[in-house]
Amino acid sequence: MSLKRLDPQYRKEKILAYVVSHYIQDIVPVSSNQIVEEQLFALSPATIRNVLAELEDDGFLTHPHTSAGRVPTQDGYRYYVDHLMEEINLLAAEKQRIMAEYSQGILELEVLLEKTSEILSQETQYPSIISIDGYGDKIFCRGISFVAGYPEFHNFQKIECLLRLLEQKERILEIINRDLEKKIHIYIGDEAGCSDMDGCSLIVSRYGKKDGPQGRVALLGPTRMNYEKTISTLEYFTELIDEMLVG
């Protein structure tokens, strides 16, 4: 076994990545026994239990109720997104399917953005929000009904808060139109500064050129969202908008 694999920080990061990715996929707390049974790490059961305990002490994992398994915390998701997430690209077949959804000869900006919002929400199964700078409170929001289908949002009051938020155009614009240091910004949990979005993540991207229409494209989902696929999809749609605006 290499020295790198013996490094405590390396072990913690690999196991944290495992817990986050499996929880995103299955929405089931991950136990030490599950990790041992999959035999992905050449570590003893006692060592894996210790690493999970350390990750919990670090604030990256937590116990839900009396479950023997662990789930990621907001800090756990943030560390995963900043340091452990792998970059993926959409498959050619996925891109072709997306392009086939667009009608030929879309020339009007508002028609383009409305169609993009619709296709983006269908592709990701998350509500999509697209704004246009200089158009007042004009936004395009599609896929709001997906909120009711997220297992972790079983509380009707939580669903109601999110649905009410998505109907408040001025608040949504205030959140997504903040200055972005990067092309894409990821808000996890309370990082968005909106209590109605607790337990959610918001990914925002810029589109447009300086001498043409500009705005933001955003996706809202649970903190358990598939970050790799969602970010890759959002990047692709942002590029599509830019290409169509130039064309």
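The values are calculated or read from the model by the stated rules, or taken from the named source; none is laboratory data. Model, not experiment: these values are computed from the prediction. Positions of Cβ are generated from backbone atoms using ideal geometry, with glycine treated the same way; all protein chains shown enter the neighbour counts.
Computed values, structure above
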{"item": "Residue within the range 221-239 that is touching a residue at least 12 places away in the same chain (Cβ under 8 Å), part of a strand (DSSP E or B), under 14 Å from Tyr126 (Cβ atoms) and touching a strand residue (DSSP E or B) at 6+ places or on another chain (Cβ under 8 Å) present", "result": "yes"}
{"item": "Checking His83 against (1) under 22 Å from Tyr187 (Cα atoms); (2) part of a loop (DSSP other than H, G, I, E, B), the condition it does not meet", "result": "(2)"}
{"item": "Residue in the range 176-186 that is closer than 21 Å to Val20 by Cα, surrounded by 13 or more Cβ atoms within 10 Å (Cβ to Cβ), in contact with a Phe, Trp or Tyr (Cβ under 6 Å, 6 or more places away or on another chain) and of a type in the set (Val, Ile, Thr) present", "result": "no"}
{"item": "Considering residues of the range 29-66 that are part of a loop (DSSP other than H, G, I, E, B) and among the hydroxyl-bearing types (Ser, Thr, Tyr) only, the residue surrounded by the fewest Cβ atoms within 10 Å (Cβ to Cβ)", "result": "Thr66"}
{"item": "Those strands (runs of 3 or more DSSP E) lying entirely in the range 98-208 with at least 3 residues farther than 19 Å from Ile231 by Cβ and at pLDDT below 85", "result": "none"}
{"item": "Subset tally (residues that are in contact with a strand residue (DSSP E or B) (Cβ under 9 Å, 6 or more places away or on another chain) and either assigned by TED's automatic domain parsing to the domain that holds Tyr18 or not hydrophobic (A, V, I, L, M, F, W, C) (or both)) for the range 193-220", "result": "11"}
